[in-house]
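Written below as structure tokens is the structure these notes are about.
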Amino acid sequence: MTGDQEAEARRLDETDPLPAVRERFHVPPAPGGLYEESAYLAGNSLGLQPRAVAARVREELQDWARLGVEGHTQARRPWVDYHELLREPAARLVGALPREVVAMNSLTVNLHLMMATFYRPAGERTRIVIEDSAFPSDSYAVASQAVHHGLDPEQTVVRLRPRPGEEHLRTEDVLDLLERDGHRVAVVLLGGVNYLTGQLMDMQAITKAGRAAGAVVGWDLAHAAGNVPLRLHDWDVDFAAWCTYKYLNSGPGAVAGCFVHERHVRDTSLPRLAGWWGTDPATRFRMEPRISPPASADAWQLSNPPIMALAPVLASLEIFDRYGMDALRARSERLTGYLAARLTGVAEIITPADAAARGCQLSVRVADAAGTVRRLAASYGVIADAREPDVVRLAPVPLYNTFHDCHRVAEALASITG
Ligand SMILES: *Cc1c(COP(=O)(O)O)cnc(C)c1O
């Protein structure tokens, strides 16, 4: 019935209320020769390049060539204020007030800057809560923060595990821990969407419980930003950070984002690691030795930003602004729902079945993840991502993936595992 299923996938692509805007992206050619373009399901690892990026970067190169140092003030988009251009679209993307967000550094660096401010172990309140399946960088970062404060990471870092035999954390279990043991917790730092299982956490409920317990609650949004709608301000999140090279399509190692809740940005008593880009821009060039930070997330900036690296982020955020995260999420649920249905009986899906408890990614368990991913690419032109030993991650991205891509993945997996 393959022909019928392919026709159905094509029909879904033609009739979807928000069709893919694939033509705005460079889709890598398919290895394997069956199709011209790959079915690129690895946008959770590295998003595709928007076609608009090259011109944006070229403009900055031209302005640098044409203007030299004058580009700081005379470029088409003057470099001294360049990061300002990203503020409003980034705020819309994560549900923040403009002064609560800033584009800077990379994700792990931002997590450290946030912990330098918000991880203040004192008395018995010393613990950092993460998930056991946290991305390794997060595990290393929190352990090193404990050491930095003279604490033993083994005693300090609490790793949340699913119940035996289960794949996901239950919100009720996280809330229970915070209620029972919250007086020992200094910081809760979880992934909004887990990188391995694709589980979308109940950020609002966990933030509320963590704060009620007297802890600071931060979110790593690497797999959530650009994937699911966020309301960081309304959820009362203390801080958050995200990279922009996954769902935000801004290129390898692209400049990350950071959120600090409004209630903190005015608090000059907070300890910060400071640099000259964190002082008030109105007085920055007086070159005074004493910092006067603005009441915004900008106060956490250190250095003057890399313009060539910010240009792709700006081009990408404009695409998100054009379609809106809510419309993209609706399309994402249709695509991922379709892929989940097509994978039933083909592979064991370890991502939550409830659409409200996942983003676009589906993780499937296979016998040999690396081998499966190799064969998907070489024989079917399907680009997926292996997490050793036995998880393959498939992320239909609403901007550039199609129902037909999902059809190709399902067919290919069926022939490899069948
Ligand atoms: C991708 C990812 C990172 C990567 O960190 P970088 O500092 O951008 O290299 C960190 N944490 C999570 C949860 C991730 O998914």
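Some notes on this structure:
- Beta carbons closer than 6 Å, at least 6 apart along the sequence or on distinct chains, pair a first residue in the range 134-146 that is over 19 Å from Pro121 (Cβ atoms) with a second that is near the ligand (Cβ under 8 Å from one of its atoms) and not small (Gly, Ala, Ser) for Phe135/Tyr195; Ser137/Thr108.
- Entry remark, the range 135-167: residues being within 16 Å of the ligand (Cβ to nearest atom) and either under 20 Å from the mean Cα position of the chain (by Cα) or in a helix (DSSP H, G or I) (or both) number 11 in total.
- Residues located in the range 241-291, provided they are closer than 30 Å to Val397 by Cβ and more than 16 Å from the ligand (Cβ to nearest atom): Val260, His261
- Members of the range 106-134 found to be charged (D, E, K, R), under 12 Å from His149 (Cα atoms) and surrounded by fewer than 19 Cβ atoms within 10 Å (Cβ to Cβ), listed by number: Arg120
- Selection of the range 32-68 for residues being within 14 Å of Ile383 (Cβ to Cβ) and touching an Asp or Glu at 6+ places or on another chain (Cβ under 8 Å) yields Ala39, Tyr40, Leu41, Ala42, Asn44, Ser45.
- Test result for Arg184, basic (Lys, Arg), surrounded by 13 or more Cβ atoms within 10 Å (Cβ to Cβ), touching a strand residue (DSSP E or B) at 6+ places or on another chain (Cβ under 7 Å) and closer than 18 Å to Arg120 by Cα: yes
- For the range 235-255, a residue qualifies if it is β-branched (Val, Ile, Thr) and on the phi > 0 side of the Ramachandran plot, but none of them does.
- Whichever residue in the range 203-240 is surrounded by fewer than 24 Cβ atoms within 10 Å (Cβ to Cβ) and within 13 Å of the chain's Cα centre (by Cα) and, among such residues, is farthest from the ligand (Cβ to nearest atom): Pro229
- Matching residues in the range 246-305 - criterion: being among the aromatic types (Phe, Trp, Tyr) and either within 30 Å of Gly47 (Cβ to Cβ) or in contact with a strand residue (DSSP E or B) (Cβ under 8 Å, 6 or more places away or on another chain) (or both): Tyr247, Phe259, Trp277, Trp300
- Note on the range 183-202: among residues that are within 11 Å of the ligand (Cβ to nearest atom) and outside any strand (DSSP E or B), the one that is nearest to Tyr245 (Cα to Cα) is Tyr195.
- In the range 188-202, residue surrounded by the most Cβ atoms within 10 Å (Cβ to Cβ) [restricted to those that are hydrophobic (A, V, I, L, M, F, W, C) and in contact with a helix residue (DSSP H, G or I) (Cβ under 6 Å, 6 or more places away or on another chain)]: Val188
- Verdict on Glu84 being within 15 Å of the ligand (Cβ to nearest atom), charged (D, E, K, R), surrounded by 15 or more Cβ atoms within 10 Å (Cβ to Cβ) and modelled with pLDDT of 95 or more: no
- From the list Ala341, Ala367, the lone residue that is outside any helix (DSSP H, G or I) and either basic (Lys, Arg) or surrounded by fewer than 24 Cβ atoms within 10 Å (Cβ to Cβ) (or both) is Ala367.
- In the range 209-234, the residues that are without any contact (Cβ under 8 Å) to a residue 40 or more places away in the chain and at negative phi reach residues that are near the ligand (Cβ under 10 Å from one of its atoms) and assigned to a loop (DSSP other than H, G, I, E, B) with C-beta atoms within less than 9 angstrom, at least six apart or across chains, in these pairs: Trp219/Gly192.
- Residue in the range 241-259 that is closer than 25 Å to Val217 by Cα and surrounded by fewer than 17 Cβ atoms within 10 Å (Cβ to Cβ) present: no
- Screening the range 42-134 for helices (runs of 4 or more DSSP H) wholly inside it with 1 or more residues that are among the hydrophobic types (A, V, I, L, M, F, W, C) returns the ranges 52-67, 84-94, 107-118.
- Given (1) among the hydrophobic types (A, V, I, L, M, F, W, C); (2) surrounded by fewer than 21 Cβ atoms within 10 Å (Cβ to Cβ); (3) within 27 Å of His233 (Cα to Cα), index of the condition Ile349 fails: (3)
- The one condition from (1) under 20 Å from His407 (Cβ atoms); (2) touching a residue at least 40 places away in the same chain (Cβ under 8 Å) that Arg387 does not meet is (1).
Matching residues to (1) in contact with a helix residue (DSSP H, G or I) (Cβ under 7 Å, 6 or more places away or on another chain); (2) assigned by TED's automatic domain parsing to the domain that holds Ser363; (3) surrounded by 14 or more Cβ atoms within 10 Å (Cβ to Cβ); (4) modelled with pLDDT of 95 or more:
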{"position": "Glu14", "(1), (2), (3), (4)": "no, yes, no, yes"}
{"position": "Ala30", "(1), (2), (3), (4)": "no, yes, yes, no"}
{"position": "Leu67", "(1), (2), (3), (4)": "yes, no, yes, yes"}
{"position": "Glu70", "(1), (2), (3), (4)": "no, no, no, yes"}
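- Pair list, Cβ < 6 Å and 6+ apart or interchain, from the range 191-202 residues that are on the phi > 0 side of the Ramachandran plot to residues that are within 12 Å of the ligand (Cβ to nearest atom) and part of a loop (DSSP other than H, G, I, E, B): Gly198/Gln361
- Members of the range 283-310 that are within 30 Å of Ala54 (Cβ to Cβ), hydrophobic (A, V, I, L, M, F, W, C) and not in a loop (DSSP other than H, G, I, E, B): Ala297, Ile307, Met308, Ala309, Leu310
The values are calculated or read from the model by the stated rules, or taken from the named source; none is laboratory data. Since we're looking at a predicted model, the values are computed, not measured. Note that each Cβ is placed from the backbone with ideal geometry, even for glycine, and that neighbours are counted across all protein chains shown.
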